[in-house]
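These notes concern the structure reproduced below.
Readers should treat all values here as calculations from the given coordinates under stated rules, not as data from a laboratory. In this text the structure is predicted, and so the values were computed from the model without any measurement. Note: ideal-geometry Cβ built from the backbone for every residue, glycine included; neighbour counts use all protein chains shown.
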Amino acid sequence: MRIKKGFKLRTVGKEFIVAGEGVHQVDFNKLVSLNAPAAYLWQEVESKAFEIETLSELLVEKYAIDIEVALADAADIASQWLDAGLVEA
């Protein structure tokens, strides 16, 4: 997977928002809110290809959680990003 060009993570107050920018995202008419762990993952993989396993390893390193929990959470986050059109497989 890879984050599509034109999507940027912004901080608005204490909220993390992904917004489309530029010509590539002209039809993107909504903002996507991320929680802190999802924003952390976004920042870590923003300019590189990644897999669900990559996201889960980052969660384990950062939050010291069980790998099975991290895999489930990473799969959920990746699925939400795919459904929102933020990443490409």
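Against the main long axis of the alpha-carbon atoms of the chain, helix 52-63 sits at an angle near 70°. Between 0 and 90 degrees, rounded to the nearest ten: what's the tilt of helix 36-45 against the longest Cα principal axis of the chain? So the inclination is approximately 80 degrees.
Close amide H contacts of residue 6 (hydrogens built in the peptide plane, cut-off under 5 Å, sequence separation of 5 or more or a different chain): none are found. Database remark: amide H of residue 86 closer than 5 angstrom to no amide H (H placed geometrically; neighbours at sequence offset of 5 or more, or on other chains; Pro and chain starts carry no H). If I take R0 = 30 Å and measure r between the Cβ atoms of residue 67 and residue 21 in this structure, what FRET efficiency does the formula 1/(1 + (r/R0)^6) give, to the nearest 0.05? The value I calculate is 0.30. Peptide packing: for 31-38, 46-53, the average count of neighbouring Cβ atoms within 10 Å per residue gives the ranking 31-38, 46-53, highest mean first. Per-residue ellipticity at 222 nm from helix content only, as computed over the chain with -39500 (n - 2.57) for each DSSP H run of at least four residues, stands at -14000 deg cm²/dmol. As a ratio to 2.2 N^0.38 Å, the alpha-carbon radius of gyration computed for the chain takes the value 1.06.
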